[in-house]
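Values quoted throughout were computed directly from the atomic coordinates according to the rules given, and no laboratory measurement underlies them. On a predicted model such as this, the values are computed, not experimentally measured, just so you know. Ideal geometry is used to build each Cβ from the backbone, glycine not excepted, and the neighbour counts take in all protein chains shown.
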Amino acid sequence: MEAALEASGLSYSYEGRKGRDGGFTVSLPRLELEKGAVTALTGVSGSGKSTLLECLGLLRPVGSAEAFKAAGRDMLALGAREQHLIRSSLMGFMPQQGGLIPFLTVRGNLDAAFDLAASSMKKAGIAPPDRQKALSEALAMCESLGIEDLLERYPGELSIGQAQRASFVRATVHSPRILFVDEPTSALDPPRALELFEKMKDLVSEKGLAALVVTHDTALAAQCGFKRCSYDRALSSADRSVFTYEAGRLS
């Protein structure tokens, strides 16, 4: 299966975070995010899962890497502006909190997310998807997630679980090539959590996307057949977290 993202020898270091010398490094020897597949990024709290997600999603600079390609482009050869355009046009992000613009309704968030991504696509020389079709599909996703009646509400009027589901739709409205998701089920009850993971899996498969999902819910990720990239306790130490990618499914 073709990879949407490939990285090797990637690491990010903090100064004065922890460890005997005051520094801490998050390390990823190898990762392949395959089109049509969801990969779960798992590990103990504080191991650097979100940091790794942000590096791969270009939300923070990669400290160092031997190779890093996303959506067929060499990220190490691109400048900051080019990386920004790739991030905003070909990637989608669902943070654990704050994934919605507070002064826009849910519908307004979907409109704004698509328009911002489409603008970046045009600047990058990429043809954006049809706006009406994309928004229609987003509304259908809202209905399938049980939030179709919340489209005219503002984020402050939503429960945490409702906001997370709306944030997921917002992150995918522009049909990104790669989807990055941080703890999407933390505020959902088990049935809603399973529903969201299943919808994510279906969307990724249907559209040929690749997804990387930070989660503590390894049992649910295994139930959904996600691939895995996990904290490797044997290779890690007090001042370094190492994440190991396995091409097989979680079990």
- [ ] Determine, for segment 3-246, the count of lysine pairs separated by eight or more sequence positions (or lying on different chains) whose alpha-carbon distance falls under 24 Å.
- [x] 29
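What 222 nm value per residue comes from the helices of the chain, counting each DSSP H run with n ≥ 4 as -39,500 (n - 2.57) and dividing by all residues, nearest 500 deg cm²/dmol? Let's see the in-between values first.
Working: 7 runs with 88 residues, N = 251.
The per-residue figure over the chain is -11000 deg cm²/dmol.
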Task: segment 3-246: relative contact order as a whole-number percent, Cα under 8 Å and 6+ apart - done: 32
Task: Estimated FRET transfer efficiency when R0 is 22 angstrom, pair Ala67-Gln132 (beta carbons, to 0.05) - done: 0.05
- [ ] Using only Cα atoms, locate the centre of segment 99-123 and the centre of segment 151-165, then give the distance between them in Å, rounded to an integer.
- [x] 16
Open item on the list: Once you place label points 7 Å from the Cα toward the Cβ at Gln97 and Leu235, how far apart are they in nm?
Closed with: 3.2
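Taking 37 °C and 0.692 mPa s as the conditions, I'd like the Stokes-Einstein D for the chain in µm²/s, using the Kirkwood hydrodynamic radius from alpha carbon pairs. Spell out each step's value before the answer.
Values: Rh = 18.5 Å.
Translational D for this selection: 178 µm²/s.
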- [ ] Give a quick list of trypsin sites (Lys or Arg not before Pro) in segment 80-153 that DSSP marks as loop, anything other than H, G, I, E or B, with at most 16 other Cβ atoms within 10 Å.
- [x] Arg153
- [ ] For segment 82-131, state which chymotrypsin sites (Phe, Trp or Tyr not before Pro) are in a DSSP loop and have at most 15 other beta carbons lying within 10 Å of their beta carbon.
- [x] Phe103
Task: C-alpha center-to-center spacing [segment 11-88, segment 193-247] in angstrom - done: 15
